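Here the structure is laid out as structure tokens; the discussion comes afterwards.
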Amino acid sequence: MTDKTMTAEEAVGRLRSGMTLGIGGWGSRRKPMALVRALLRSEISDLTVVSYGGPDVGLLAAAGKIRKLVTAFVTLDSIPLEPHFRTARQNGAIDLTEIDEAMFMWGLHAAANRLPFLPVRAGIGSDVMRVNPALRTVTSPYDDGEEFVAVPALRLDAALVHLNRADRLGNGQYLGPDPYFDDLFCEAADTAYVSCEQVVETAELTKSAPPQSLLVKRHYVTGVIETPNGAHFTSCAPDYDRDEAFQRVYAATPWPEFAGRFLSGSEKAYQSAVQTWHEEQK
């Protein structure tokens, strides 16, 4: 049994430019934003990012960290299209592979099971095949002879996810309404880093929540990072909701101005700047 706790900077220090990086969460929900902000403070770039995209993609795109994006969407939920992603895409700053949500999920499943691909019905007869000419189809070897899309495995060099609770060994627990496939991101990756609202003793993980809430297993986890409010400004139910007011400011503020005020220092400085901004609005 190994104590896997580390800081966000230590986790990011194990990453390298050019990696394929999976980021858990969904849209503007339970994103590992403290780890993303630590990544922004690093020299790492030229990333291939695999994500059900939200502000994680927007921040990294605005900072010029992304070379290629693999996604099913990039949204802030209450704001339909992530504005910094849109700008980067319109400017041709990133390569994009856009696939169906189910295809994305089965790509993670294939990687988690160390398979080269998995057959799915999603995508057949749609423009997904037209805009992704590299996708191939396979025919069932059985009597039905049905044709499927062969979704390639989404293998990851590293994964970043955020959960409500974790222990020092790497077991991670979600307490909200949805797992957001964070377990698949960890299983599809060579290394996985789990940030959480609180590190607790292992016994505490099952005292007040059902066993199925233990989403991430320790043998898939490389590092555990305690980051209270670490999903801000996305939601982390039931610990806190999305900071809608701050998200609107993020979406409407020019990147240099936003980054200068909120992202020019440490995570502690970020949280303090957000608190100061909220006080100014009263």
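We did not get these values from a lab; they are worked out from the coordinates using the rules stated. If you're wondering where the values come from, they're calculated on a predicted model, not measured in any experiment. All Cβ positions, glycine included, derive from the backbone under ideal geometry; neighbour counts span all protein chains shown.
The alpha carbon gyration tensor of segment 68-166 gives principal lengths a ≥ b ≥ c with a/c of 1.5 or higher and a/b no greater than b/c, which makes the shape oblate. With 0.36 nm allotted per residue and the present C-alpha distance subtracted, the D77-E146 stretch has 21.3 nm of extension available. Packing here is the average count of other Cβ atoms within 10 Å per residue, and on that basis the peptides 174-180, 130-136, highest first, run 174-180, 130-136.
Put simply, the convex hull of the Cα atoms in segment 142-282 casts, on average, a shadow of 12.9 nm². Estimated from helices alone, the mean residue ellipticity of the chain at 222 nm is -8000 deg cm²/dmol (sum of -39500 (n - 2.57) over DSSP H runs with n ≥ 4, per residue). Taking a ≥ b ≥ c as the square roots of the eigenvalues of the Cα gyration tensor, segment 1-130 is classed as oblate, since a/c reaches at least 1.5 and a/b does not exceed b/c.
When DSSP beta bridges are restricted to pairs lying wholly in segment 1-105, around 5% turn out antiparallel. When the Gaussian network model of the chain links Cα atoms closer than 10 Å, the mean-square fluctuations of W255, W106, W26 top out at W255. Given a 10 angstrom Cα cut-off, can you work out which residue in A203, A158, A237 is the most mobile in a GNM of the chain? Sorting by GNM fluctuation, first place goes to A203. Look at the Cα gyration tensor of the chain: its axes a ≥ b ≥ c give a/c of at least 1.5 with a/b at or below b/c, and that counts as oblate. Can you give me the distance in nm between label points at N113 and Q90, each placed 7 Å from the Cα along the Cα-to-Cβ direction? Output for this residue pair reads 4.2 nm.
The alpha carbon centroids of segment 1-68 and segment 84-157 are separated by 22 Å.
Mind telling me which of S126, S28, S78 comes out most flexible in a GNM of the chain, alpha-carbon contacts under 10 Å? Of S126, S28, S78, the most mobile in the Gaussian network model is S126.
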